[in-house]
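Asks: First the structure, then my questions, so here it is.
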Amino acid sequence: MTETSAGEIVEERLDNGLRVLVTENRTVDAVAVNLWYGVGSRDESPGRTGLAHLFEHLMFQGSQNVAAGEHMALLESFGADLNATTSFDRTNYFQTVPTRAFELALWLEADRMGGLPDALDQKNLDNQRDVVRNERRERMDNQPYGDGFERMLALLFPAGHGYHHMPIGSMEDLAAASLDDVRAFFHQHYAPANAVLTIAGNVRTRDALDKAAMYFDAVDAGDRWHRGQAADMPALEPLDKQVRADMSSRVPADALWCGWRIPADGTEDFDAAAIALRILGGGASSRLVERLTRHSRLAQAIEAGPNDLTGGTGVAMLIVAAQQDASLAEIETILDAELDRFAEEGPNEAEFAAALAQAERDWLESTTTLAGLADEVSRAACLFGTADRVAGAVARIRAVTPEQVRSVAQTWLRPQQRAQLIYRKEQS
């Protein structure tokens, strides 16, 4: 049992390997049903990218006892809020429903976990493959800067590494995926032992656990595969030299994208790196915003932050959108000087305290809703093995020290260790 500021979290494991976690909150007449699978783009094979994200779509196209389109329609008829997302390390399916629809949500999730292949045919595959390819065109290929993160990952990680490619996959790989490929991917990764179900809201713990068992116990355990048996990813060192790419594109302004390898989420160094990035460029009062937007007026916008990857190595990102006619070379000179100064001196007392307070506030805000709390519980259990991380989140933030922040900046965030992508506005 885990105690959090939101209440107790109770966990049981079913005979087929599914982990079920329940936290009661009977202040509203609603329940969040949140299911995480330990499969993301890092689990894909070369030449078969995009399958994890493709399943985010296929899982709504019918299962053993549910026709195509009925899953969403049934829940929405009760006023439910539902969706799914895919990332590098996981795929999650989530819904917040009125209490009276709680069992319906469980039944629907169990039916597609156990019976999706029964509804998976060539028509569904072709239809959803086209949907995903159009999504890629709209969000990445035809969007200003839309390919930036994909290009950055290719600079930071070698070919064949799990983080070398984006979850949406490539057009070529999506086109090449066969029905047999897709079914094999499902049977390997959508096993109960590779999943975590979290229930949060207007339930009684014992009753919720019993109902989860009633609906999910019938799902075949398969070979009880889970990622821990097969997907170790060693930590990578920082880049030993700066790598760069320079391109002209139809973008509204020149931009400088920077990326660094950093320790993975779940480590103390990741927590310190997250604070360092807040201080450098994560808010209106950050150092680079002050220097590049207010003082020199070279930049119109700055973003900085980590990507919470858990497979051995994380990514820190910093993006500077230049003012019209500003010198990217001058921006880079100032950026390098600020990075080196921060690595040598570390944060001052005021900016460190502000960054810690903002990180704590962001965490607390993320768990104020049933959906947010359930998602954090599933994330902790799925990616880190225990829901205890939810209870300890604020303590981990408060445990970061100025010296850790300085040390992380000195070790991981130096100018010569970055991958750099430059967008230059295409001249008309």
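The values are calculated or read from the model by the stated rules, or taken from the named source; none is laboratory data. Since the structure is predicted, the reported quantities are computational estimates derived from the model, not experimental observations. We place every Cβ from the backbone using ideal geometry, glycine too, and count neighbours over all the protein chains shown. Remember, those area values only see protein heavy atoms, side chains included, never the ligands or the DNA or RNA. Shrake-Rupley method; radii C 1.70, N 1.55, O 1.52, S 1.80 Å.
Condition check ((1) outside any helix (DSSP H, G or I); (2) at pLDDT below 95; (3) under 12 Å from residue 276 (Cα atoms)) across all residues:
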{"position": "324", "(1), (2), (3)": "yes, yes, no"}
{"position": "332", "(1), (2), (3)": "no, no, no"}
{"position": "339", "(1), (2), (3)": "no, no, yes"}
{"position": "342", "(1), (2), (3)": "no, no, yes"}
{"position": "347", "(1), (2), (3)": "yes, no, yes"}
{"position": "350", "(1), (2), (3)": "no, no, no"}
{"position": "356", "(1), (2), (3)": "no, no, yes"}
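Asks: Let me ask something else about it. So which pairs qualify, if the first residue must be in segment 127-151 and under 18 Å from residue 246 (Cβ atoms) and touching a residue at least 60 places away in the same chain (Cβ under 8 Å), the second must be open to solvent by 30 Å² or more (accessible area, probe 1.4 Å) and assigned to a loop (DSSP other than H, G, I, E, B), the Cβ gap must be under 8 Å, and the two must be at least 6 apart or on different chains?
Replies: 144/250; 144/252; 149/166
Asks: Ok, one more. Pull up segment 247-259, narrow it to residues that are at pLDDT below 95 and not in a loop (DSSP other than H, G, I, E, B), then point me to the one that is surrounded by the most Cβ atoms within 10 Å (Cβ to Cβ).
Replies: Here the answer is 249.
Asks: Which residue out of 302, 275, 262, 319 is buried (at least 20 other Cβ atoms within 10 Å of the Cβ) and without any contact (Cβ under 8 Å) to a residue 24 or more places away in the chain? Spell out how you get there, then give the answer.
Replies: On the way: 275 fails: without any contact (Cβ under 8 Å) to a residue 24 or more places away in the chain; 262 fails: without any contact (Cβ under 8 Å) to a residue 24 or more places away in the chain; 319 fails: without any contact (Cβ under 8 Å) to a residue 24 or more places away in the chain.
Going through 302, 275, 262, 319 in turn, the sole match is 302.
Asks: Among strands (runs of 3 or more DSSP E) lying entirely in segment 14-100, which contain 1 or more residues that are out of contact with any Asp or Glu (no Cβ under 9 Å at 6 or more places or on another chain), modelled with pLDDT of 95 or more and open to solvent by less than 10 Å² (accessible area, probe 1.4 Å)? Don't jump to the end; show me each part of the working.
Replies: Details: elements: 19-24, 30-37, 81-86, 91-98.
Filter on segment 14-100 gives 30-37.
Asks: Another question about this same structure. Taking the options 288, 280, 309, name whichever one is over 20 Å from residue 350 (Cα atoms), of a type in the set (A, V, I, L, M) and touching a residue at least 40 places away in the same chain (Cβ under 8 Å).
Replies: Numbers: 288 fails: over 20 Å from residue 350 (Cα atoms); 280 fails: over 20 Å from residue 350 (Cα atoms).
Testing whether each residue is over 20 Å from residue 350 (Cα atoms), of a type in the set (A, V, I, L, M) and touching a residue at least 40 places away in the same chain (Cβ under 8 Å) leaves just 309.
Asks: Now for a separate question. Looking at this structure, is residue 174 aliphatic (A, V, I, L, M), open to solvent by less than 50 Å² (accessible area, probe 1.4 Å) and in contact with a strand residue (DSSP E or B) (Cβ under 7 Å, 6 or more places away or on another chain)?
Replies: On the way: aliphatic (A, V, I, L, M): yes; open to solvent by less than 50 Å² (accessible area, probe 1.4 Å): yes; in contact with a strand residue (DSSP E or B) (Cβ under 7 Å, 6 or more places away or on another chain): no.
So residue 174 fails the test.
Asks: Would you say residue 98 is of a type outside the set (Asp, Glu) and either farther than 17 Å from residue 61 by Cα or within 25 Å of the chain's Cα centre (by Cα) (or both)?
Replies: Details: of a type outside the set (Asp, Glu): yes; either farther than 17 Å from residue 61 by Cα or within 25 Å of the chain's Cα centre (by Cα) (or both): yes.
Criteria met by residue 98.
Asks: Out of (1) at pLDDT 95 or above; (2) under 27 Å from residue 146 (Cβ atoms), the odd one out for residue 283 is which?
Replies: It is condition (1) that residue 283 fails.
Asks: Quick check on residue 388: is it out of contact with any Asp or Glu (no Cβ under 6 Å at 6 or more places or on another chain), in contact (Cβ under 8 Å) with a residue 60 or more places away in the chain, open to solvent by 50 Å² or more (accessible area, probe 1.4 Å) and closer than 20 Å to residue 263 by Cα? Working first, answer last.
Replies: Values: out of contact with any Asp or Glu (no Cβ under 6 Å at 6 or more places or on another chain): yes; in contact (Cβ under 8 Å) with a residue 60 or more places away in the chain: yes; open to solvent by 50 Å² or more (accessible area, probe 1.4 Å): yes; closer than 20 Å to residue 263 by Cα: no.
Spelling it out, it is not the case that residue 388 is out of contact with any Asp or Glu (no Cβ under 6 Å at 6 or more places or on another chain), in contact (Cβ under 8 Å) with a residue 60 or more places away in the chain, open to solvent by 50 Å² or more (accessible area, probe 1.4 Å) and closer than 20 Å to residue 263 by Cα.
Asks: Additional query: State the number of residues belonging to segment 374-428 that are of a type in the set (A, V, I, L, M, F, W, C) and closer than 12 Å to residue 272 by Cα.
Replies: Residues of segment 374-428 of a type in the set (A, V, I, L, M, F, W, C): 374, 377, 380-384, 387, 390-391, 393-395, 397, 399-400, 405, 408-409, 412-413, 419, 421-422.
Next, from what is left, pick out any that are closer than 12 Å to residue 272 by Cα: 397, 399-400, 405, 408-409, 412-413.
Number of matching residues: 8.
Asks: What residue, among those in segment 101-117 that are in contact with a Ser or Thr (Cβ under 7 Å, 6 or more places away or on another chain) and modelled with pLDDT under 95, is surrounded by the most Cβ atoms within 10 Å (Cβ to Cβ)? First the steps, then the outcome.
Replies: Applying the first criterion (in contact with a Ser or Thr (Cβ under 7 Å, 6 or more places away or on another chain)) to segment 101-117 yields 111-112, 115-116.
Narrowing further to those that are modelled with pLDDT under 95: 115-116.
Details: 115: 18, 116: 22.
In this case the residue turns out to be 116.
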